[in-house]
């Protein structure tokens, strides 16, 4: 188990390094290198010379790369090329709590809806309830997340005035203001996720209900509730965990868009704004952070899988 | 002479084995019957046909020029403007009709590109194995670790915005799905007797891949392609909505939504109808894809339902 843990962590770190390297070289290989553009903007050759020395652009690429990697490891992502030149690490550390709040809240809302929905759909297979759940799941997956966000804003913010349409308030300023700003974004981000999980739980429950030990439990005369919750559900959840991993990755992808609809300055908004402003240090930092989130969520899900299903032992 | 005829016979046998059903026409008839009996799939087919016709006939159907501005700004839906007008007095219905063209075009083109590249990568990796397989699959695995949409955003970050870059980004972002599925199929098919037979008869690698392996790998690839088109349309809409996509003069559904975003509190129609178009399209494709998956009995594809 520990060997597996170490091996997997090591490979996750290697993937992170590969992504970082790709980011470094690709952003520099493309025409319109922002630093080069900045140097041309200066107009004065001597000033340009100074700038290029300051950013190390006069050195060979491999030396630049090693230096850059060193900076990255120290958490120094450079600073935004716009305005007051805020350090990228500061932008990211401000953005991360917002993204994490949004992702976690979406996750919990989605799970609270999906698990009972999936179980009920499985118990009442082919009932009207089951069919309408299937329909809702299809709708949830076919609806663009940002459109759902807009619909929610139209109804609950613009017309009913129940919840704010945009913005974010840190939890330190009170739980309710924080929650109030996150309810609509979380619903918008969690819907597709919820649809996937509900479908997965349904089919997984249906598989488990057919097995012998459930038949045994039934012939012993156990109550239906006991059979479902104590005997069937835990086993039905095992395959769901892997799907949760994939679905969580999709959820993170969704938050990138949702943050932009609700003007929440999380990591996704930082990334998109960075791309639109051609603010490369910011883009670079945001891509790395987003990638690390994905890589380590995958790792976490793999490890969680061994904990939940004792039958699985990795070498 | 006798030898060549034996060779021909073996090849013929292999050919017969290689096609899943010997009678293609009855297979299409089966497929048609399945769709007609599946209410959802049938509805999906009808909606898609209408959308495709809308895309082709856009200049004839659209009541106004999609970029023509009038003085009726932010008019609610009426007889004159069935879906209302936007902040610049442009007819929303006409813009959505023209948007159909671009959204469907990008959805289909990107999947065609990523399918072609992905399938070639998958066949090469699966068929030849060895270091070639290793290199290709390490890259595919790397891309697989991230959702397609995120890969597309990363690529736009590198290439820059605009319709061409957007198309390239989405195409590349979706190719890992095709490469994986194809490789998996090739690994199974490679071991079949008819492939060994063809090889024994001296068929070239290219011939084996094209004539014996690919035809048997088509079912899952077709199913994946259907699913991918709906995701590609969603990805294009999301990227255009974020401003990473097309130029402002080209109406796509995502862009129309983005432009209407600031006015939705006063003009709900700007927020409702373009998204409805996206949802209808994606829903129809998903319904069809679902029927296709059941019909072809394909398990392995990156569909979500």
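Values quoted throughout were computed directly from the atomic coordinates according to the rules given, and no laboratory measurement underlies them. Treat the numbers as computed from the prediction; the structure is a model and nothing was measured. Ideal geometry is used to build each Cβ from the backbone, glycine not excepted, and the neighbour counts take in all protein chains shown.
At a glance:
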item	result
Space enclosed by the convex hull of the alpha-carbon atoms of region A:158-315, per residue, Å³	176 Å³
Average beta-carbon neighbours from other chains, 10 Å sphere, peptide A:158-166	1
Peptide A:134-144, shielding by other chains (average Cβ, 10 Å cutoff)	6
Shape parameters for region B:100-215, alpha-carbon atoms, Rg then Dmax in Å	16.5, 51
Average Cα contact separation per residue, region B:22-168, under 8 Å, 6 or more apart, as relative contact order %	15 percent
Footprinting exposure proxy for B:252, A:297 (fewest neighbouring C-beta atoms within 10 Å first)	A:297, B:252
Per-residue mean of C-beta atoms belonging to partner chains within 10 Å, peptide B:282-294	2
Helix-derived mean residue ellipticity, 222 nm - over chain B, DSSP H n ≥ 4, -39500 (n - 2.57), to 500	-24000 deg cm²/dmol
Using a Förster distance of 30 Å, the FRET efficiency for residue A:100-residue B:210 (Cβ separation, nearest 0.05)	0.05
Per-q log10 I(q)/I(0), region B:149-305, q = 0.08 Å⁻¹ (Debye; single scatterer per alpha-carbon; no solvent)	-0.34
Relative contact order for chain A, counting Cα pairs under 8 Å that sit 6 or more residues apart, in percent	27 percent
Separation in nanometres of the label points that stand 7 Å from Cα toward Cβ, at residue A:89 and residue B:33	6.9 nm
For chain A, built as a Gaussian network whose Cα springs stay under 10 Å, the top-fluctuating residue of A:239, A:60, A:185	A:60
Percent breakdown of C-alpha pair distances by 5 Å bin, ordered from the shortest bin, for region B:62-158	3, 11, 13, 13, 10, 9, 9, 8, 7, 6, 5, 4, 1, 0
Cα-based Rg and Dmax for chain A, where Dmax is the largest Cα-Cα distance (Å)	24.3, 89
Among B:95-103, A:17-25, the order from most to least packed when residues are scored by Cβ within 10 Å on average	B:95-103, A:17-25
Relative pair counts by distance (%), Cα atoms of chain B, 10 Å bins	6, 23, 27, 22, 13, 6, 3, 1, 0
Packing-based exposure ordering (other Cβ within 10 Å, fewest first) of A:244, A:214, A:154	A:214, A:154, A:244
Three principal axis lengths of the protein assembly as shown [C-alpha, angstrom, descending]	84, 63, 62
Choice from A:174, A:78, A:285 showing the highest fluctuation, given a GNM over chain A with Cα pairs closer than 10 Å	A:174
Estimated FRET transfer efficiency when R0 is 30 angstrom, pair residue A:230-residue B:188 (beta carbons, to 0.05)	0.15
Estimated distance in nm for a label pair at residue B:80 and residue B:116, the labels positioned 7 Å out from Cα along Cα-to-Cβ	4.7 nm
Approximate spin-label separation residue B:42-residue B:247, in nm, with each point projected 7 Å along Cα-to-Cβ	4.6 nm
Likely footprinting exposure, A:210, A:125, fewest C-beta neighbours within 10 Å first	A:210, A:125
Percentage relative contact order, chain B, counting C-alpha pairs under 8 Å, at least six apart	25 percent
At R0 = 45 Å, FRET efficiency that the Cβ-Cβ distance of residue A:129 and residue B:141 yields, to 0.05	0.65
Highest-fluctuation residue, B:85, B:226, B:249 considered, GNM on chain B with Cα pairs under 10 Å	B:249
